[in-house]
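Enquirer: Quick one: the structure is below, and I'll ask about it shortly.
Readers should treat all values here as calculations from the given coordinates under stated rules, not as data from a laboratory. All values reported here derive from a predicted model rather than from experimental measurement. FYI the Cβ positions are ideal-geometry reconstructions off the backbone, even for glycines, and counts take in every protein chain you see.
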Amino acid sequence: MIILKYLLLIFVMATAYLAITFEEELISIIFLSIFSIILTTLYLIHNAPDVALAEAVIGAGLNTAIFMTVISQVREGKDSIFREDD
Amino acid sequence: MINNFVFVVLFLLGFYAILVKKNLIKMVIGLNIMEGSIFFWFITLTDRGKMIPIVNGTQVASQLNDPVPQALILTGIVIGASTSAFLLTLIIELDKFTSSTNPDQIGGMIED
Amino acid sequence: MSKTKHIFAVLILSLLGITLLVSLSKLPNQFEYANSIYHHVVNNSITETGSLNFVTAILYDYRAYDSLGESTIIFGAVSGIVLLLSRKTLPVSSHGLSFIVKRTFGMLTPFIFLFGIYIITHGHLSPGGGFQGGVILGAISIIFSIVYGSEFDYKRYSPTTKTLLETSGALLFIGLGFMGILLGGNFLMNLNILNAEVGSLLSAGSIPFINIGIGFKIGAGLAIIFYSMIQKTFKEEVDL
Amino acid sequence: MNITLILLIIVPLVTAFLIPFVDVFSNKARKILVAFSTLLEFSIGIFVIISNYSSITNNSFFLKYYLGNWIPPIGITLSMDMLSLFFSTLISFSLLFIVIYSIGFIGHHEGKYYVLLFLIWAAMHGIVLTGDIFNLDVFLELMLITSAPLVAFKRDRNGTEAAIKYMFYGTIGGLFVFIGVVLVYFNLGTLNFADIAQNFNSLNIFSKKLISVFFLLGIFIKMGVFPFHFWLSKAHSACPSSISALLSGVIVKVYIYVFIRLFWNVFGYNILQQTGLNKIIFVVALISTVMGHIMALNENDVKRMLAYSTIANLGMIIAVLVINTKLALLAGLLHVLSHLLMKVSLFTTTGYILQFTPGHKLEDLKGVAYKNVLIFTGFTIVAGGMIGLPPMIGFASKWYILKAFIKSGYNWGSVITIGGSIFAFVYYIRYIISGFKKLSLGPPERFRLILSVFYRERVVTDIAFIFVIAVIVVGVFYKVALGPLEGAINVIQNPSLYIEGILGG
């Protein structure tokens, strides 16, 4: 259990880092979704099933859908999906 | 101890995204990560290493975990979701006027 | 300029991080305060509210007013989003996804609905409650828009229906609160409506009703949010 | 047990929930509903004062309400003492006229506008009346998320940018407040204000310091004090003038209430003194004043100039409050009243004037004095009040602030107050002179195409006059307000009154 928890903690930091540093927004959002799912597992390990359910449903489900919609709106009419970061 | 460390790292990662990233969507992602880090920290801080706060017939009341922080975090999660949904709507609106999600378009976050 | 700003930000953040870490490590480790909410809730919750799930007991009974504020926040976000996006053209439907996906989700949707209803109504017995179940119900509308196209969603649940659902959910919550005043207690008092034996479905006073009200409110609100946000996307797809 | 407390919050809340419901059926029913609820809410506020008049006069006024029959510290408690009453009355008074002003200014075709306005009203009363620290956080977020759409109400680029900035800063401030709540619960195991106040001194100095720093950061970010003021001028100027008046006049004052309640009654002023935070707050607030005045001097946009002036006055209020003598607290509260009245009347008059100009810039205002004589006279009168001329209320409050600074030996504060008045004189007189300049030949249609053509012009001018008259009348008879203010100061200086009021009997 403790090994699992430490593994998850490493993963949660890694996904947060990747979600922020990836240039491509879509990948960022997928990583944010994974971040939420790992947080869900951590909440379960810490005996909080209600919070885990809410995080799974809202953080990993709803937030992802809304972010995807926004990306599809913002991206239209732009030739490249990779935007310059200056 | 390790939980505090993870909280600080996640919180600063989110803050870093808000301060430095040149993309408003990334900044909202950073905001979400900051929120998640605080919720995670609150859960670990008040976890007494006992059972889940749902009685099943056999547990004694004193064996249960603290349910109050969990209720507060549930409220916080919903607040965070509605905040980020509204922010993203504003970003869609901004994109219609400037066709960009660069925060420098709006004069940056730390300029007038 | 950008480079120096970047370095500056990293420097400030790492300074902040070290201060935070040092500060947090100095926090006391024990938290056995005598007169806390925790002891009261854990020892008396079942007799006082009749809910087996203590988180639900706190959310919808001890601190029901917080939940009222929270569902008002969702309502405010919905109002703001509709205000900003309302002047756009009416949504035009996409064609949706392929036949196989449509059939599969046609079979799955009733079960998702059932799951949402289960989570809402069993909020006082098992993990879950109005918020989580409401989001699942709202997800059905999102699935309809994605899989079948938003026209189908519009026909099934028009925005007016969603608005009515949302408002009636909120009014159910506030109405239950006022019932408390009428019955001689205070606002948002736990009414003794469902008084079966603790642990059965029809127990825990007015908590299941508040759960249902919040569930419909959140579900409809999130569906409205998603519906307002997709409008332009589907118009573009038809133009292609 | 007083049911009026919960009604003050629930009436606007139910109205907001009902407006979309009624909208489905009839447009006319909504107008009646809005007008009815506005008057009802205001009369509840009046009723509280009248029915408790005797206890208000002898300083024993205290109302409380246990939500859901849970006695503190278990459930959430609402309470109203003289401090809450002062702010609640200000909110009810100004919101009554702002809603009526909006009926004339925005018109009735925008249902959601009124939904959000009533939600803000409910949130402000919720903040002022609540006795629970997490509930405070929830209602602060509610106020943020309902005022941000109104900032972007014009649906133009400027408003959207302002709203995005406003939301980012507000949300980050909310996160800091939430961290504070987490630390409070972790250290004390309770969320009730009175319970926290009772046990706060038993903590070690380190936890106390951490908690106060996080709450201070959160509130100052949300308020827009100096290092975090970048969003304020844009957000307060990009919206319709009715909302500018609300944001700049009222919402800022609600944050000041939170600051006073938390750091005098809940955590106690001692914690600021022990950790030396009061010196830091004082310096930061004075810097905020200076910066606000300098930026207002540089600004050529009339609404942004008014917004910068808000930053300056905000800094002055906070600086004078943290001195923590009786006179200083009195001066601070008096300036809250005076700045609220003057800012709301400045924005309401400016909102009218700007409908007849091609833009918001200084040169666009040329000749408005001849076109709208009465309203521009009102603007000039209130600008005189902001500078600090008698007999307007601005003179009284600035006089008290000056006295408070001098009596407690903060000479820098008095220098900055006088300098601020001179600065204010310069930047207001520019606009007034510009208003009296003769029109050179302009384009034939000077009436620009605007989003909100007046729905009822008469209502707009009348409300603007009401506020201008209020500025003068309150300025002449300000001594009447001193009695209730002393009651409020009594509450601020004696946290034990608050603790006993809630926990005892």
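Enquirer: In nanometres, what is the gap between the two model label sites at A:Leu26 and D:Glu110, each 7 Å from Cα along Cα-to-Cβ?
Expert: Modelled inter-label distance: 3.8 nm.
Enquirer: Then there is this: So how tilted is helix D:111-129 from the main axis of chain D? Cα-based, degrees 0 to 90, rounded to 10.
Expert: 30
Enquirer: Modelled label-to-label distance, D:Leu374 and C:Phe178, 7 Å Cα→beta-carbon offset: nm?
Expert: Here the answer is 4.0 nm between the modelled labels.
Enquirer: Using alpha-carbon pairs under 8 Å, 6+ residues apart, how would you state the relative contact order of the stretch C:2-239 in percent? Present the calculation step by step, with values, prior to reporting the outcome.
Expert: Details: 313 pairs, mean separation 65.1, N = 238.
Once normalised by length, the contact order is 27 percent.
Enquirer: Place a point 7 Å from Cα of D:Phe477 in the direction of its Cβ. Which residues in the stretch D:319-353 have their backbone N less than 14 Å from it?
Expert: none
Enquirer: Then there's this: Enter the Cα centre distance for the pair the stretch D:36-101 and the stretch C:130-179, rounded to the nearest angstrom.
Expert: 35
Enquirer: Right, next: Based on Cα coordinates alone, diagonalise the gyration tensor for chain A, multiply each eigenvalue by 5, take square roots, and list the semi-axes in whole Å, largest first.
Expert: Rounded to whole Å, the semi-axes are 29, 16, 6.
Enquirer: Place a +1 charge on the Cβ of each Lys and Arg in the protein assembly as shown and a -1 charge on the Cβ of each Asp and Glu, then give the dipole magnitude about the Cα centre in debye, rounded to the nearest 20.
Expert: For this selection, approximately 2080 debye.
Enquirer: Same structure again: Taking R0 as 60 Å, what's the FRET efficiency between D:Phe436 and C:Ile117 from their Cβ-Cβ distance, rounded to 0.05?
Expert: 0.30
Enquirer: Measure up D:Lys279/D:Lys407; D:Lys303/D:Lys361; B:Lys21/D:Lys165; D:Lys64/D:Lys209; D:Lys165/D:Lys303; D:Lys279/D:Lys326 against 20 Å on the Cα-Cα distance and list the ones that go over.
Expert: D:Lys64/D:Lys209
Enquirer: On a C-alpha basis, how far is the centre of the stretch C:70-85 from the centre of the stretch A:1-71 in Å? Whole number, if you could?
Expert: Cα centroid of the stretch C:70-85 versus Cα centroid of the stretch A:1-71: 25 Å apart.
Enquirer: Moving on. Kindly state, to the nearest 0.05, the FRET efficiency for D:Phe425 paired with D:Lys326, given R0 = 30 Å and r defined as their beta-carbon distance.
Expert: Result of the calculation: an efficiency of 0.50.
Enquirer: Give the order of C:Lys26, C:Lys3 when sorted by the count of other beta carbons within 10 angstrom, beginning with the fewest.
Expert: By the 10 Å Cβ count, ascending: C:Lys3, C:Lys26.
Enquirer: Turning to a different aspect of this structure: Between D:Phe465 and D:Glu486, how high is the FRET efficiency from 1/(1 + (r/R0)^6) when r is the Cβ-Cβ distance and R₀ = 30 Å? Nearest 0.05.
Expert: In this case the efficiency is close to 0.45.
Enquirer: Something else about it: Using only atoms on other chains, find how many Cβ atoms lie within 10 Å of each Cβ of peptide D:12-20 and report the average. Walk me through the numbers on the way to the answer.
Expert: Values: counts 0, 6, 5, 0, 6, 12, 3, 2, 10.
Average per residue, whole number: 5.
Enquirer: Taking the Cα centre of the stretch D:3-503 as origin, work out the dipole magnitude from +1 charges on Lys and Arg Cβ and -1 charges on Asp and Glu Cβ, in debye rounded to 20.
Expert: 1100
Enquirer: A follow-up question, please. With angles folded into 0 to 90 degrees, how steeply does helix D:457-476 sit against the dominant principal axis of chain D? Use alpha carbons for both and round to 10.
Expert: Its long axis makes an angle of about 60 degrees.
Enquirer: Could you work out how far apart the two model spin labels at A:Leu8 and D:Arg157 are, taking each label as a point 7 Å from the Cα in the direction of the beta carbon, and quote it in nm?
Expert: 4.7
Enquirer: Follow-up question, since we're still on this one. Give me the number: length gained by fully extending D:Ile280 to D:Arg456, i.e. 0.36 nm times residue separation minus the C-alpha to C-alpha distance, one decimal in nm. Walk me through the numbers before you get to the answer.
Expert: Working: separation 176, 0.36 × 176 = 63.36 nm, distance 4.82 nm.
Length gained, D:Ile280 through D:Arg456: 58.5 nm.
Enquirer: Kirkwood Rh and Cα-based Rg: tell me the resulting Rg over Rh for the protein assembly as shown, rounded to two decimals.
Expert: With Rg and the Kirkwood Rh in hand, the quotient comes to 0.95.
Enquirer: Tell me which lysines have Cα within less than 25 Å of B:Lys50's Cα, excluding those fewer than 8 residues away on the same chain?
Expert: By straight Cα distance, B:Lys50 reaches A:Lys5, C:Lys26.
Enquirer: Follow-up. Which angle between 0 and 90 degrees, to the nearest 10, do you get for helix D:277-298 versus the longest principal axis of chain D when only C-alpha atoms count?
Expert: Once rounded, the angle reads 0 degrees.
Enquirer: Mind checking which lysines have their C-alpha under 24 Å from C:Lys162, skipping anything on the same chain fewer than 8 residues away?
Expert: Candidates past the 8-residue exclusion: C:Lys88, C:Lys102, C:Lys217, C:Lys232, C:Lys235, D:Lys28, D:Lys31, D:Lys112.
Enquirer: Relative contact order for chain D: what is it in percent, counting Cα pairs under 8 Å that are at least 6 residues apart? List each step's numbers first, then the result.
Expert: On the way: 772 pairs, mean separation 88.5, N = 505.
Once normalised by length, the contact order is 18 percent.
Enquirer: Just to confirm the filter: which GluC sites (Glu not before Pro) across the stretch D:60-164 are DSSP coil and have at most 10 other Cβ within 10 angstrom of their Cβ?
Expert: Values: sites: D:Glu110, D:Glu141, D:Glu161; in loops: D:Glu110.
Of the GluC sites (Glu not before Pro), not one in the loops of the stretch D:60-164 has a Cβ with at most 10 other Cβ atoms within 10 Å.
Enquirer: Per DSSP H run of at least 4 residues, take -39500 (n - 2.57); add these up for the protein assembly as shown, divide by its residues and hand me the 222 nm value, nearest 500 deg cm²/dmol.
Expert: The per-residue figure over the protein assembly as shown is -24000 deg cm²/dmol.
Enquirer: If you rank D:Phe423, D:Phe379, D:Phe215 by fewest surrounding Cβ atoms within 10 Å, what's the result?
Expert: Details: D:Phe423 21, D:Phe379 28, D:Phe215 25.
So the ranking, lowest neighbour count to highest, is D:Phe423, D:Phe215, D:Phe379.
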